[in-house]
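The values are calculated or read from the model by the stated rules, or taken from the named source; none is laboratory data. Worth saying up front: this structure is predicted, and the values here are computed from it rather than measured. Heads up, the Cβs are rebuilt from the backbone with ideal geometry, glycines too, and the neighbour counts pull from every protein chain shown. Ligands, DNA and RNA are excluded from the accessible area calculation, which covers all protein heavy atoms including side chains. Shrake-Rupley method; radii C 1.70, N 1.55, O 1.52, S 1.80 Å.
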Amino acid sequence: MALLRSLRTQRTTYLINSRTSVSVSSSSSVAAAAKRHSLHTTAALEADVQASSQNPSQEQHVQAAGILRRRQQHHQLLSRLIYSAGAAGVGGSRQHTRYVHSGQNGRQSHQLAQSSDVEGEALREKRQLGKSASPKPSGTPQRDPLDVGFNDPVAAFKSKTTWELVRAYMVYMICSSEKLVEHNMTLMKWSKQILGQRLFTVLMKATFYGHFVAGEDQIKIIPTLERLRSFGVKPILDYSVEEDISQEEAEKREVESSVSSAGDNKEEGTMPQYHVDKSFADRRYKVSSARTYFYLNEATCERNMETFIKCLEAVSGATFGTGITAIKLTALGRPQLLLQLSEVIMRTRKYMEDMVGGQGNVLTHHKTIKDLEKYYATLGDNKNVQDFLKNVTSDKEGILHLFPWSGIVDEDSQLSDTFRVPDPQTGQMRRLISQIPPKEEEMFRNMIRRLNTIVKTAAELDVRIMIDAEQTYFQPAISRITLEMMRKYNKDKAIVFNTYQCYLRETFREVCTDLEQAKRQNFYFGAKLVRGAYMEQERARAQALGYPDPVNPTYEATTDMYHKTLSECLRRIKLMKDCGDDARKIGIMVASHNEDTVRFAIEQMNQIGISPEDKVICFGQLLGMCDYITFPLGQAGYSAYKYIPYGPVEEVLPYLSRRAQENKGVLKKIKKEKRLLLTEISRRLVRGQLFYKPKGNYVPI
């Protein structure tokens, strides 16, 4: 408790030096986020100390002392970040000092805080005015013609130095060796032991880390983000630090966090796919292209939230509102809650299908409350039924949801009491979810609070959030929560994007359903279309647990699903445009390394009259992969993004290992990229451009 009091005392006074500027919106947005950022981090760290103080031990005292040190480091980093953002201001800057006090000298700090709040309001007004005055390269923005064959090495690599081209070629050569890739993590660990930390870091920055990762922290990645922007490419930022834990530890954590303290009650009507199975508890199994979070405790989830907020602030400061941050919902809460919520959603669909016939989401049936009253007519004037019908979400076209989802994402509903439906035969209310203990109800509300905090921060900073797709046994809950976040925050523009994996058989139907909900509830719909990351794992799990395989049968079927889903989105955009509606009500990211899919999207845009300036379609690829697609798109005026990982060398090794594995699986793409790299290196040698310095005059759309 002494440590907790010490932390609270440290919290009493801290100094933030910020520089404000009328002409740079990024500095004001970072400064506006500073107070909130610090308070969130303080809460997370105090939670750690509080947990330690309940059962103190020598080890826990050491852990709490470490938390205090992290607190001090946090303030130092925050000051550097704000100073850096402020230093980017152009003209007319002046220094402000702000104290936030909770201890002595309260009156003085209160007066300073009041003064700062007034200044903050002025800064917000300036920020609104400054959005149209973001710094741009001098002269007329450059636009290049697009080679839709993606065979132009100059367009692909004009943003790279010759050394970066040589490094990329060397990395791809290594990725072409199956034996090296198969044992890459072991080789990296051996290299570290032989070379020592310093030489190993130098080696990694000269090879894999330098190619696939932008830098170690929010400050060091800025040059990379600025160069990308100068060549027409925007960032999707991700702090790619991953735990390197054993399979045994992963399985232990997953099993413990996927079962309620009340037990795993497999009552009548339960679905096996929404219950943990130890054979597949390590969710990294056969997954190389996606990051995995394993739940440890609530304090870890708070720190994950803080990390995502830091990404938002870094993106806002460097991209002037055009950037994106990707997050995973499994980083913010206990997976058991997502499993239970997913099962509720699927059992609700089954309940509706059994009662009215047909298939699919509740809203696809287009039934009204009067229709439901007819189905319950044999029960007479039943109070349970009447109370249930009062909470059904509907509009003039019919029922949208059987449950009040808006209350669930507003952090004030009890899950156990919400998910109950009348038995059509007896009228008695039956649960679609097993009884959740109060502590786990609180954990769910914490998860929703964290997500609300992140999305609200994104809206304040004018940065978009993409919520990644995960395994099918989590996805119904993830999609439902994401759609409700869209309804809540996507009122004026698309802030929140959902992710759809096109290797799944139900993707087209799910996208159409969500598009209909967005139209009927009048919010902006954002979608990232991907092929998917969990195909092999999903197939193996379905076969082992005895439920239908959710995956398309062939690669060609997945491609057809992707193109069919994209075409439907484009068709609806065209209809809105033709009717004079705001076409930006639907925003799509084509996140694909497949050049045929990218080419298909461009051809469809041309055929139906959608231009890059409409800002409804964007494209995205990973940093260090398929540069021959991303950069020509950005330089031709299309909205193009790179997924930008960053983090300390030592802590991103699992990420680098996955990138090597992923590249091994796309040897055809590597072959083309290697050919284009070699062509450009040779061209520079012949023309005496070995010391070529990239300088772009492109402005991202």
Projected onto the charge dipole of the stretch 296-436 (+1 at Lys/Arg Cβ, -1 at Asp/Glu Cβ, origin at the Cα centre), which of Asn297, Ile436, Leu332 gives the Cα projection farthest towards the positive end?
-> Ile436
Charge dipole of the stretch 157-202 about the Cα centre (unit charges at C-beta), most positive-ward option of Thr201, Ser191, Ser176 = Thr201
Carbon/sulfur fraction of accessible area - the stretch 514-577, other protein chains in place, 1.4 Å, % | 55 percent
What trypsin sites (Lys or Arg not before Pro) in the stretch 439-520 are in a loop by DSSP, with at most 14 other Cβ atoms within 10 Å of the Cβ?
-> Lys491
Within straight cross-link reach of Lys574, meaning Cα distance under 16 Å, which aspartates and glutamates are found once same-chain residues fewer than 8 apart are removed?
-> Glu516, Asp582, Glu603, Glu613, Asp614
Considering the options Ala636, Leu678, Leu622, tell which one lies farthest towards the positive end of the dipole of the stretch 569-701, charges being +1 on Lys and Arg and -1 on Asp and Glu at the Cβ, about the Cα centre.
-> Leu678
Please report how far the C-alpha centroid of the stretch 356-373 lies from that of the stretch 575-642, rounded to the nearest whole angstrom.
-> 36 Å
At R0 = 41 Å, FRET efficiency that the Cβ-Cβ distance of Ser567 and Thr270 yields, to 0.05 = 0.65
Amide H to amide H, which residues 5 or more places from Gly620 or on other chains are under 5 Å from it, using H placed in the peptide plane?
-> Val590, Ala591, Ser592, Tyr641
Exceeding the 25 Å Cα-Cα cut-off - candidates Lys374/Lys491; Lys310/Lys456; Lys310/Lys577; Lys286/Lys564 | Lys374/Lys491; Lys310/Lys577; Lys286/Lys564
Filter the trypsin sites (Lys or Arg not before Pro) in the stretch 337-406 down to the DSSP loop ones having no more than 15 other Cβ atoms within 10 Å, then list what survives.
-> Lys396
Report in % the part of the accessible area of the stretch 159-212 that belongs to carbon and sulfur, leaving out ligands and nucleic acids; probe 1.4 Å.
-> 65 percent
Heavy-atom accessible area per residue of the stretch 169-220, all protein chains kept, 1.4 Å probe, expressed in Å², is 57 Å²
Karplus-derived 3J(HN,Hα) from phi for the stretch 324-336 (6.51 cos²θ - 1.76 cosθ + 1.60, θ = phi - 60°), whole Hz, x at Gly and Pro, runs 9, 10, 9, 9, 10, 6, 5, 7, 10, x, 6, x, 3
With respect to the cross-link table entries Lys205/Lys674; Lys189/Lys220; Lys396/Lys439; Lys396/Lys615, which display a Cα-Cα separation exceeding 27 Å?
-> Lys396/Lys439; Lys396/Lys615
What shape does the stretch 269-368 have by the C-alpha gyration tensor, where a ≥ b ≥ c are the square roots of the eigenvalues, rounded means a/c under 1.5, and otherwise prolate means a/b greater than b/c and oblate the rest?
-> oblate
Accessible carbon and sulfur surface of the stretch 432-483 relative to its total accessible area, %, 1.4 Å | 52 percent
